[in-house]
Amino acid sequence: MGKKFFCGLIFLFCPVFLHAQAVSPVRAKQATITAGGYFSFGQTDYGQRHAFGPGAYADFDYHVWRNVGVGIEGEARFLNFLTDSSSGAGISEDNFLGGPRVTYEVGRKWLPYIKFLVGGSRFHYPSFISNQAYNYTTFAFGGGVDYRISNRITVRPADFEYQHWQFPPTGLTPWVFSAGASYRLF
């Protein structure tokens, strides 16, 4: 009985001597997925006209070190040109882009980020030129900031992109400013 009692005491108190402790079941999530929408305004670089329209985006972020996270962003944007005559009727551009992004958390609310996106864009020419739309390879570099209102809802007060389209003969270089909100799915 002495051996069983002694082994029982060792089994019971050994974790105390080793400073062992249980891992808390409540841990900060390492990865998040959010989906949202925004409204965009931009300079299109096609006749120096401005365009506006809605869009949607989704982000996957993984917290890798302290305040730094890496992730992927995908977006779809649908812009219509602001024209003052019927000669510009029907002009629009659509972007379908995706790529990596890096975030840096400031406090618990602010999340500034930079991103590099690649994809395709569709340009609808004015109706007097053509009734067709053509697709072009697009590269975009940008950044912005997200602000967490709650655990699930995030506002995106500022998102800026500088794009380069493989548009003949020399390419287009539009910029786009967006603002919106998102909901954390996971």
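The values are calculated or read from the model by the stated rules, or taken from the named source; none is laboratory data. This one's a predicted model, so the numbers in the text were calculated from it and none came from an experiment. Cβ atoms come from the backbone with ideal geometry, glycine included; neighbour counts cover every protein chain shown.
Counted as qualifying within the stretch 77-186 are the strands (runs of 3 or more DSSP E) with 1 or more residues that are modelled with pLDDT under 90, surrounded by fewer than 20 Cβ atoms within 10 Å (Cβ to Cβ) and of a type in the set (S, T, Y), namely 92-104, 133-148. In the stretch 139-153, the residues that are farther than 15 Å from I72 by Cα form Cβ pairs under 6 Å with partners that are of a type in the set (K, R) and assigned to a loop (DSSP other than H, G, I, E, B), at six or more places apart or across chains, as follows: Y147/K109; R148/K109.
Please indicate, with yes or no, whether at least one residue in the stretch 60-74 is farther than 19 Å from A140 by Cβ, aromatic (F, W, Y) and at pLDDT below 95. There is at least one residue in the stretch 60-74 that is farther than 19 Å from A140 by Cβ, aromatic (F, W, Y) and at pLDDT below 95.
Cβ-Cβ distances below 9 Å connect the following pairs, each with a first residue in the stretch 157-186 that is without any contact (Cβ under 8 Å) to a residue 12 or more places away in the chain, a second residue that is surrounded by fewer than 18 Cβ atoms within 10 Å (Cβ to Cβ) and outside any strand (DSSP E or B), and a separation of six or more residues or different chains: G171/D45.
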